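One structure is given below, encoded as structure tokens.
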Amino acid sequence: MIVAENVEKRFGDALVLKRVNLRVEPGEVVTILGASGSGKSTLIRCINGLEALTGGRITVDGHDVSTKAGLVAARRASATVFQLFNLYPHMTALGNITLAPIEVLKLPKAEAEARARALLDKVGLGAQADAYPQQLSGGQRQRVGICRALAMQPRYLLLDEVTSALDPEMTGDVLRILAELAADGTTMVFVTHEIEFARHISSRIVFLEQGELIVDLPTAAFFAEDGGLAVPRIRQFLSKMKKD
Amino acid sequence: MRFWRVIEPYIGFLLQGFALTIAACLLAIAGAVLLGALTASMRSSGNRLVRGAANAYGDVFRNVPFLVQLFFFFYGLPELGIYIGAFETGVIAMSIAGGAFVSDVILSGILTVDAGVIDAAKVSGLSRVKIFTRVVLPIALRVSVRPMGSVLINLVLTSSILSTITVNELTGAAKIVAATTFKPFEVYAVLLVLYASLTTLLSFAISAVHRRLNRFMTGG
């Protein structure tokens, strides 16, 4: 379980997260919605320890990410997919996917590669195993990014606006894969602007507004007239997004 | 041919010197690259003390003439009770001086590495050392190899200064031959060709490494 308690994050004078509380149980798909600058990505970056908290506490399966040993264990339990893919440019798709399994999980190279090829096959990139990131399209790179995360066999998958840098067709490819993962019971924390998609795969939706988590509801309730839509800010946000 | 008549009796001696030059350069290049990579990693460290120590090393050895550094080691080490040969002293001095410059070019390469790529390596659980050796350094070297080539070629040229501490490498050997024959022009003409071939070969090697590292990179 991922637990965030009274999380506060300050960048200089700017308070980016204000007393945020969030729990993600195994098997859940939790989508974080909110306008740009509302703190969504920062929250993900606090969970995987890329940003240090300035207040409160985050634990992943009981491991406190603000301690050294806790962070190692927490990172072992989760994996992150990034908006701009962040693939290793000097390694092939296969190299990108097998680096951490070999170095961190200590898998034998042959086994790590066999697993990586199976993952690539699953996302339709079986033929691109030896391609370098520069030789792949954005959608293909992001699918490699997803394979790289899955190769660590994480209990929690953290997805930080993974389709924001992709055109609609490539977005479709990536979302199909995520839908399959959700159907398989993969636990996900999903930061996105794809509202319709979030509605389909999420078990819960939380809404961040200027660093404050103002709504945390099951998906159906979030889109209900007497639930999330009763909150003026959310109604306004959703109607704006639909126009795009 | 007059030229060949002058050189012929000494060609073996000069080639011995050339072999010593090549040996000193290969060892010093290895030393300078290792020391440079280590120093660059320290200069990009989050620890202020580590960074300060590495910066101090770079500043000192880039800003003092190599001749002075060489004499400092050659006459200074015995004062400290360390007795090693002139050749070894020369290689160590070249490695230390070269390492200061190499660390500069590797550091500038490190600063070009995309922060997001490092984030990805961090969250995957890789240790700091693995992140540096498997991700940061290989990416940095793509950018750094060419400027590093200039530094290493300079290091080869600097090896001629070892003649001042009794190492009879190519220049040292040439001085002796010139003094014996009173034909400095012929002797130094041979040196010109030998040094130029050595540095040209090195620059080809650097280009090959650069192409190899950048196989699938656009630009650069």
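The values are calculated or read from the model by the stated rules, or taken from the named source; none is laboratory data. Given the structure is predicted, the values throughout are model-derived calculations rather than measurements. Positions of Cβ are generated from backbone atoms using ideal geometry, with glycine treated the same way; all protein chains shown enter the neighbour counts.
Condition test on A:L159, is it surrounded by 20 or more Cβ atoms within 10 Å (Cβ to Cβ), within 13 Å of the chain's Cα centre (by Cα), within 24 Å of A:A221 (Cα to Cα) and free of Cβ contacts under 8 Å to residues at least 40 places away in the same chain?
In short, no.
Going residue by residue through the stretch B:87-106, is there one that turns out to be under 30 Å from A:V72 (Cα atoms) and either more than 19 Å from the chain's Cα centre (by Cα) or touching a residue at least 24 places away in the same chain (Cβ under 8 Å) (or both)? Yes, some residue in the stretch B:87-106 is under 30 Å from A:V72 (Cα atoms) and either more than 19 Å from the chain's Cα centre (by Cα) or touching a residue at least 24 places away in the same chain (Cβ under 8 Å) (or both). If you go through the stretch B:110-139 and keep only what is buried (at least 22 other Cβ atoms within 10 Å of the Cβ) and within 19 Å of the chain's Cα centre (by Cα), you end up with nothing.
When the helices (runs of 4 or more DSSP H) confined to the stretch A:5-119 are screened for residues that are more than 9 Å from chain B (Cβ to nearest Cβ) and free of Cβ contacts under 8 Å to residues at least 24 places away in the same chain, those reaching at least 2 such residues are found at A:68-77, A:93-103. Does any residue of the stretch B:165-174 turn out to be under 24 Å from B:R62 (Cα atoms) and part of a helix (DSSP H, G or I)? There is at least one residue in the stretch B:165-174 that is under 24 Å from B:R62 (Cα atoms) and part of a helix (DSSP H, G or I). Taking each residue of the stretch A:142-156 that is within 12 Å of another protein chain (Cβ to nearest Cβ) and farther than 10 Å from A:A116 by Cβ and looking for partners that are surrounded by 24 or more Cβ atoms within 10 Å (Cβ to Cβ) and among the acidic types (D, E) with beta-carbon atoms closer than 8 Å, six or more apart or interchain, yields nothing. Just need a number here: residues in the stretch B:93-128 that are more than 10 Å from chain A (Cβ to nearest Cβ) and either among the hydrophobic types (A, V, I, L, M, F, W, C) or in a helix (DSSP H, G or I) (or both). So the count comes out to 20. Filtering the stretch B:129-160 to residues that are of a type in the set (A, V, I, L, M, F, W, C) and more than 11 Å from chain A (Cβ to nearest Cβ) leaves B:F132, B:V143, B:V145, B:M148, B:V151, B:L152, B:I153, B:L155, B:V156, B:L157. A count restricted to the stretch A:1-32 and to residues that are buried (at least 21 other Cβ atoms within 10 Å of the Cβ) and either basic (K, R) or within 12 Å of the chain's Cα centre (by Cα) (or both) stands at 5. With respect to B:Y10, determine if the residue is modelled with pLDDT under 95 and in a loop (DSSP other than H, G, I, E, B). For B:Y10, the condition - modelled with pLDDT under 95 and in a loop (DSSP other than H, G, I, E, B) - is not met. The stretch A:172-244 holds strands (runs of 3 or more DSSP E) entirely within its bounds, and those carrying 2 or more residues that are of a type in the set (D, E, K, R) and within 26 Å of A:V7 (Cα to Cα) map to A:204-209, A:212-218. A Cβ distance below 9 Å, combined with a sequence gap of six or more or placement on separate chains, defines the contacts here; from the stretch B:45-62, residues that are basic (K, R) reach residues that are assigned to a loop (DSSP other than H, G, I, E, B) in the pairs B:R51/B:S44; B:R51/B:S45. Can you confirm whether A:D130 is out of contact with any Leu (no Cβ under 6 Å at 6 or more places or on another chain) and within 11 Å of chain B (Cβ to nearest Cβ)? Yes; evaluated as a whole, the condition is true for this residue. Checking each residue in the stretch A:84-110 for being farther than 18 Å from A:P154 by Cβ and not hydrophobic (A, V, I, L, M, F, W, C) picks out A:Y88, A:P89, A:H90, A:T92, A:G95, A:P108, A:K109. For the stretch A:120-151, taking the residues that are over 21 Å from the mean Cα position of the chain (by Cα) and part of a helix (DSSP H, G or I), the one that is surrounded by the most Cβ atoms within 10 Å (Cβ to Cβ) is identified as A:Q128.
Across the stretch B:62-79, not a single residue is classified as within 14 Å of chain A (Cβ to nearest Cβ), surrounded by 17 or more Cβ atoms within 10 Å (Cβ to Cβ) and among the polar types (S, T, N, Q).
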